[in-house]
């Protein structure tokens, strides 16, 4: 996820059930934390989030994936990275366009164009 959102600190917990315990979570001391559990694990994480009450400044469990997911995605237990990996980046989109029309690369080179956000 650091590739997609580098301004945030991302911490993997080891999957749906994860290493969500007091010792592992101690690195979050005094931080504001948003937990984004894998599909199907939201309620379990809500229960486990009580561990963060005296560790974090603030901890919230997001149900965003549950609200956005299709039944098929839920059955696969996807995580947030899975959602981002299914959406092409700007660079990937540009490369697809260049493959369809190689003259685009010539235009980019000749006009010294660069990809911006």
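Per-structure values
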| quantity | calculated |
| --- | --- |
| C-alpha long axis of helix 90-100 to longest principal axis of the chain, angle in ° | 30 degrees |
| Relative contact order (percent, whole number), the chain, Cα cutoff 8 Å, 6+ residue spacing | 22 percent |
| Region 54-101: projected area of the alpha-carbon convex hull, averaged over directions, in nm² | 5.7 nm² |
| Solvent-free Debye scattering, log10 I(q)/I(0), computed from the Cα coordinates of region 1-86 at q = 0.19, 0.22, 0.23, 0.27 Å⁻¹ | -0.88, -1.15, -1.23, -1.49 |
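The numbers here are math on the coordinates, done by the rules we state, and not lab data. Quick caveat: nothing in here was measured; it's all calculated off a predicted structure.
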